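Encoded as structure tokens, the structure appears first; notes follow it.
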Amino acid sequence: MFRLFILAIIVLIASCTNNKKGPDVSNIKVTVPVQRFEQDFFKMDTTNIAAGLDALQKKYPSFLPEYLQFVLGISNPGDAEKQVRFFLEQSRGLMDSAEKKYADFSGIQKDFVTAFQHVNFYYPAYHVPKIITLIGPVDALAKLGETYTPDFLRPDFLGISLQFYLGKNFSLYQSERYIAEVAPLYISRRFDKEYIVPDAMKLVVDAIYSDTSGGRPLIEQMIERGKQWYLLDHFLPDAADSVKTGFTKKQLDWCTENEGNIWAQITKSENIYSIEQPVIQNYLGEAPFTQNMPESSPGNIGQWIGWQIVKKFAENKKDLSVQEVLHTPFKTIFEEAKYKPK
């Protein structure tokens with residue numbers, strides 16, 4: 001009897017701790033190499049930049065040219081040594097801050113392995129890139145559609161710009177110039193460790209299912225972008241919605257509590273088939289909150305509503321695979337979701 005009691009306790013503990021939402025991916029073999037480019041880059045001898053660049057070219061043959069051209073903005077190869085030396089001398093403090101926070105990248109690497117296991121569960125043929133960390137200029141945010149990303153994805157590597165993950169309270173992010181010219185506080189509050197993997201996986205999502213709805217009606221863009229968060233949900237099933245959406249927990253709670261009111265406000269205030277850019281931007285752009293709604297609302301609320309519509313459709317069509325949901329026309333999703341939030 002005692003042994004049965006102990007066994008029951010073990011089973012109960014296991015069931016309580018096994019709260020994962022996604023499929024079992026433990027048998028999917030994934031390797032995610034990590035290369036610390038910034039560490040090699042900042043080891044260069046500033047009195048012999050040419051030799052340093054030659055060594056980096058051998059170790060990072062596909063990455064270095066892109067780094068020099070698109071991250072450092074060096075368009076003339078003849079200026080490379082001078083500009084690289086200047087960047088090295090000006091950015092030592094930035095590198096020191098990054099090294100202090102990310103000397104050990106193994107935990108994040110492990111999270112990437114889990115994420116790519118989920119990617120390969122749904123897309124077995126997807127080629128997993130290596131991770132390359134870097135330090136670039138503090139104003140080098142790249143634009144992806146209507147949003148900005150610290151990272152960039154290529155066929156063989158995923159670049160992670162550590163200068164945008166130094167912690168929301170990092171002194172540089174608080175400066176008036178940085179807030180005005182690079183990232184306002186409602187964006188830089190996401191410049192922290194827990195956003196590294198979700199930010200990167202959004203690039204993977206966009207590579208697998210690109211948003212091609214630009215210029216289309218508001219409701220179509222909402223649903224198409226909602227599909228991307230639906231896919232991200234499957235790649236990161238255990239991640240908090242706050243890091244996937246970029247909303248604060250308070251904003252997410254507000255959305256959940258007011259979902260019916262949000263939808264009613266959108267349908268009352270706008271023609272959901274509008275293609276006017278100010279309307280699109282209001283509901284699908286980065287902003288501290290959504291115009292015509294309380295300041296407790298988040299920006300990009302249209303994508304959140306689109307996400308709810310797609311999830312409702314998927315719930316109604318449980319026989320459809322993830323890929324089939326993604327490739328269902330927006331009009332079918334909208335009509336068959338029968339979305340009527342309270």
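The values are calculated or read from the model by the stated rules, or taken from the named source; none is laboratory data. All figures in this text were calculated on a predicted structure; none of them were measured in a lab. Here the Cβ positions follow ideal geometry from the backbone for every residue, glycine too, while neighbour counts run over all protein chains shown.
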Practice problem: Sort out which residues of region 54-97 are under 28 Å from the mean Cα position of the chain (by Cα), over 23 Å from Phe157 (Cα atoms) and exposed (fewer than 13 other Cβ atoms within 10 Å of the Cβ), and write them in order of number. | Solution: Arg92, Gly93, Asp96
Practice problem: Give region 292-312 a look and list any residue that's at pLDDT 95 or above, outside any helix (DSSP H, G or I) and over 18 Å from the mean Cα position of the chain (by Cα), or say none. | Solution: Met293, Pro294, Glu295, Ser296, Ser297
Practice problem: Have a look at Tyr178, Tyr195 and point out the one that is closer than 24 Å to Gln83 by Cα, crowded, with 16+ Cβ neighbours inside 10 Å and not β-branched (Val, Ile, Thr). | Solution: Tyr178
Practice problem: Please determine, by comparing only the residues of region 316-331 that are over 25 Å from the mean Cα position of the chain (by Cα) and over 21 Å from Leu284 (Cβ atoms), which one is surrounded by the most Cβ atoms within 10 Å (Cβ to Cβ). | Solution: Lys317
Self-check item: Subset of region 138-162 (residues that are among the polar types (S, T, N, Q), modelled with pLDDT under 95 and either touching a strand residue (DSSP E or B) at 6+ places or on another chain (Cβ under 7 Å) or closer than 19 Å to Leu94 by Cβ (or both))
Solution: Thr149
Exercise. Identify the residue in region 242-273 that is acidic (Asp, Glu) and assigned to a helix (DSSP H, G or I) and, among all such residues, is farthest from Ile309 (Cα to Cα).
Key: Asp253
Practice problem: Scan region 270-297 and report the pairs whose first residue is in the same structural domain as Asp253 (by TED's automatic domain parsing) and crowded, with 18+ Cβ neighbours inside 10 Å and whose second residue is of a type in the set (Phe, Trp, Tyr) and assigned to a loop (DSSP other than H, G, I, E, B), with Cβ atoms within less than 7 Å and a gap of 6+ or a chain change. | Solution: Ser297/Phe289
Quiz item: Hey, does region 216-224 have a residue that's within 11 Å of the chain's Cα centre (by Cα) and buried (at least 19 other Cβ atoms within 10 Å of the Cβ)?
Solution: no
Quiz item: Given the conditions (1) at pLDDT below 95; (2) under 33 Å from the mean Cα position of the chain (by Cα), and given that Leu4 satisfies all but one, which numbered condition is not satisfied?
Solution: (2)
